[in-house]
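Bear in mind that the values in this text are calculations on the coordinates, not laboratory data. As the structure is a computational prediction, the values presented were derived from the model and not from experiment. A quick note on method: Cβ atoms are made from the backbone with ideal geometry, for glycine too, and the neighbour counts reach across all protein chains shown.
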Amino acid sequence: MDVAVKAARKPNAGVSAKDTIHARVKTIGIIGAGQMGNGIAHVIALSGYDVALNDLKKENVDRALEVMSKNMGRQISKGMISEEERTAALGRVKYAPDFKSMGDCDLVIEAATEDESLKRRIFGELCPHLKPTAMVASNTSSISITRLAASTDRPEHFIGMHFMNPVPVMELVELIRGIATDDETFAIAKSFVESLDKKTAVSEDFPAFIVNRILLPMINEAVYTLYEGVGTVESIDKAMRLGAHHPMGPLELADFIGLDTCLSVMQVLYEGLADSKYRPCPLLVKYVEAGWLGRKTKRGFYDYRGEKPVPTR
């Protein structure tokens, strides 16, 4: 067992856990520069790691860097980081044009769309370019880690690392072991996440894990409440904000997450657990079919094209 794993379990005097994990994991690859990928890159670069950020188009990575800079600007205004830290962090993020350019990465985190066939294809193409010791993680919010690991050449070095959205703000990362994930991979992954000043919750490899197993059925039920005419978009969100002290109403939250992602998670739950209580609401399906996916398409349960969001029902 290497020294980084021993230290992760029993830190040595005079050597911080953050220093120890930095000695074992230096360069992180991230596949996907969208909302989740740029957020993950943000926190990893601020924590002193080098980042190789991959996406289908370089302009997506350029856009991600702009978003990171803007979000770090908010942290500067709140006194959380300095301008020097922002400059240094952004300088650590490099564009990775292909998987071959991730050959030196110690850990690669996949943050692509929540589509199992796409993720499996990515892993099949990625792994031949990685060094034997490299770990692979998926940011999937619902898909079986065991199945995804089986599409790689290193299931023992594969783990679920589900960051919460928005990544720079949310404190939690779910860690999910597949059936083949070994103890060393788990220990390194846990130590790495903690080096980002995040907390971990360990979930068994069941559909949607912990957070989305609880959260998405609530959102789906809110959509059913709208579908059945029990309340309007505005009244449903107001009821949960003021009646349950939720910081965001469930339909507003669905728009923030992305209605396509919400539907994907509900389909994983419905198919994986074979229980009718997880059946996606037909109205959610209809919105996704219309391409109304929430904030990212400017329309969902709210219309975001004007000065302020307006309910669409």
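Some points to look at:
- Estimated from helices alone, the mean residue ellipticity of the chain at 222 nm is -14000 deg cm²/dmol (sum of -39500 (n - 2.57) over DSSP H runs with n ≥ 4, per residue).
- Local electrostatic count, Tyr304, Cβ distance below 9 Å [Lys/Arg +1, Asp/Glu -1]: +3
- Degrees, to the nearest 10: 116-126 long Cα axis against longest axis of the chain: 20 degrees
- Extension gain for the segment Arg279 to Arg313, taken as residue separation times 0.36 nm less the Cα-Cα distance, is 10.1 nm to one decimal.
- Tensor-based shape of region 213-311 (alpha-carbon gyration tensor, a/c under 1.5 rounded, otherwise prolate or oblate): oblate
- Taking Cβ atoms as reference points and 15 Å as the exclusive limit, the residues near Tyr278 contribute a net charge of 0, counting Lys and Arg as +1 and Asp and Glu as -1.
- Order of Tyr278, Tyr304 under a 10 Å beta carbon neighbour criterion, fewest first: Tyr304, Tyr278
- Overall, the chain carries a charge dipole of about 420 debye about its Cα centre when +1 sits on the Cβ of Lys and Arg and -1 on the Cβ of Asp and Glu, all other atoms neutral.
- Expressed to the nearest 5 percent, the antiparallel share of DSSP beta bridges inside the chain is 25 percent.
- For region 224-299, the set of GluC sites (Glu not before Pro) satisfying both a DSSP loop assignment and a count of at most 10 other C-beta atoms within 10 Å is given as Glu228.
- Percent of beta bridges antiparallel (DSSP, region 100-259, rounded to nearest 5): 30 percent
- Over 25 Å (Cα to Cα) - which of Lys119/Lys296; Lys277/Lys308; Lys199/Lys308; Lys58/Lys198; Lys78/Lys199 fall in this group: Lys277/Lys308; Lys199/Lys308; Lys58/Lys198
- Gyration tensor verdict on region 6-165 (Cα atoms; rounded if a/c is under 1.5, prolate if a/b is larger than b/c, oblate otherwise): oblate
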